[in-house]
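What follows draws every value from the coordinates through simple rules; no lab data is involved. From a predicted model like this one, the values you see are computed outputs, not experimental measurements. Cβ atoms come from the backbone with ideal geometry, glycine included; neighbour counts cover every protein chain shown.
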Amino acid sequence: MNETKYLYINFIYLENDKLNFSKYKIFSNELINNNYELNIIFMDMPISIDYLDNINNGYYNQNLIKRFLDNYYISYFLIKINSNILEHLSIELQNNKEIVLEALKINGNLLRYASPKLQADREIVLSAVKTNGDALEYASHKFQADKEVVLSAVKNNGNALKFTTIELKADKEVVLSAVQSSGCALNYASIELKNDKEVVLSAVKNNGDALNYASIELKDDKEIILLAVDTYNHKIEYTSNQLNQIRFRFNWLQSE
């Protein structure tokens, strides 16, 4: 009967000026023939490939590092600790759906390091944009034009509207979802929707600055200007210059 083989990974890292040590055991009958210990020293957190100081009991060897990072079991384990490791994996593993999905749960923008095949996979893309809406930038053109995917993206981050098609930038449902998430996403809407009062009201309600992207006609709409003034008055982070611009229009209204 064959003995079950394990890889023992010892993590040594500095955190809050204290030296920490963690030991993990993962199954690996693919890489090794015997029980094996891999020492990885990190001098800072979060864990990054750049901080590899010591591997294989003191012998630094780039080929050996690559050998470990090309291994499915180790890579899947390390992704859970630091999803950014996806950037350093082999092309084969960047095309592994299970590993990429694990990374995207933490950071959707890591879709940029997934294989072209997975950038064109609906489940992968939806997972990415639900975590980080602007990951839509790295999706295949097919999904940048897919209404379901784009809606998921703009609900997470309205500015993802920037990365969709001209047709969807003119889709009122998509644009409303975008400006309700990020008012200044109005900047990426079609000319027609920048002149749509319902859309502009929703944008200004979210962010008074969105008035800058409304049509000339709606920039002088009383209801919209009053809403923008109210938005500014309740958000003290706006600068005095921004307040002056919007109050100029407000004073113009009062003088009518």
Can you give me the distance in nm between label points at A170 and K105, each placed 7 Å from the Cα along the Cα-to-Cβ direction?
4.2 nm
Report the net charge of residues surrounding T131, where surrounding means a beta-carbon distance below 14 angstrom and charges are Lys +1, Arg +1, Asp -1, Glu -1.
0
In Hz, Karplus ³J(HN,Hα) per residue of the stretch 195-206 (6.51, -1.76, 1.60; θ = phi - 60°; x = Gly, Pro):
10, 9, 4, 4, 5, 5, 4, 5, 5, 5, 4, 6
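More than 11 Å apart: what percent of Cα pairs in the stretch 176-215 qualify?
On the way: 368 of 780 pairs.
Cα-Cα pairs in the stretch 176-215 separated by more than 11 Å: 47 percent.
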With 10 angstrom as the radius, rank S215, S83, S181 by how many other C-beta atoms surround their C-beta, starting from the fewest.
S215, S181, S83
R112 and K197 label points (each 7 Å along its Cα→Cβ direction) are spaced in nm at 4.2 nm
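Taking the Cβ of K117 as the center, what net charge do the other residues with Cβ under 15 Å away carry, scoring Lys and Arg +1 and Asp and Glu -1?
Values: positive: K97, R112, R122, K142; negative: E92, E98, D121, E123.
Value of the local net charge: 0.
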